[in-house]
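First comes the structure, then the notes that go with it.
Derivation of every value follows stated rules applied to the coordinates shown; laboratory data play no part. Only a predicted model underlies this, so the values are computations on that prediction, with no experimental measurement involved. Virtual Cβ from ideal backbone geometry, glycine too; neighbours counted across all protein chains shown.
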Amino acid sequence: MHKVRLFAAVLALGAGLVSGCSGTPEASPSGPSSPAPSGSSPANQPSTSGTLSPDAETSVPAPAPPTSRPSPGPGQGNAELAITIVPSEGAAQLDYTLVCTDGTPAAESSHPNAAAACAALKANPAILAPATPGSAQACTQQYGGPQKATVTGVVDGVAVDASFARTDGCEISAWEAAKDVLGAAGGAS
């Protein structure tokens, strides 16, 4: 409870400092504030309705896009992705940018085969949301290589944060499904 009171005191002190820097006096340091002159504009008076003015700054960040899985089947083909491939341990990572609009790559894409990657995402955006194998799913214990990849960004308005590897049959299958997006350096075909 002591920490809560201390936190509240720090917040109150911070609010006092911020209001002191705002350029609009809340109260006179020598006593209660006097009413505003009758000719003053409402913009110089604090709002009493509890709503912020359109130009007010907030400390609340914008909401993130929905984090549900991209839908299986054909999509819209809109994507903004950062793709990182690590070909092997100790090797330099490869970084690509992929921007697609209606399944067509944008000029800012640095992907080695952006046209194939955008077409693959338009055909099935869910390739970037591989299912995590559960205990009931059997995965072959084969090794497909040391390659690892991460893909972050947005596909058709849905946030994507996917990791890929080639350490067992399930992960190899997910890698193969996304190979056009992961690029040519992504491992053996």
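Summary of values
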| item | result |
| --- | --- |
| Segment ALA107-ALA82, length gained on full extension (0.36 nm per residue, minus Cα span) | 7.5 nm |
| Residue-span extension gain [ALA138 to ASN124] - 0.36 nm each, minus C-alpha spacing | 2.6 nm |
| Contour minus Cα-Cα distance for GLN93 and VAL154 (0.36 nm per residue) | 19.8 nm |
| Karplus-derived 3J(HN,Hα), 6.51/-1.76/1.60, for each residue of segment 102-118, Hz, glycine and proline x | 6, x, 10, x, 8, 4, 6, 5, 10, 5, x, 9, 4, 4, 5, 5, 5 |
| Spin-label pair SER163/ALA115, simplified geometry with 7 Å Cα→Cβ offset, distance in nm | 3.5 nm |
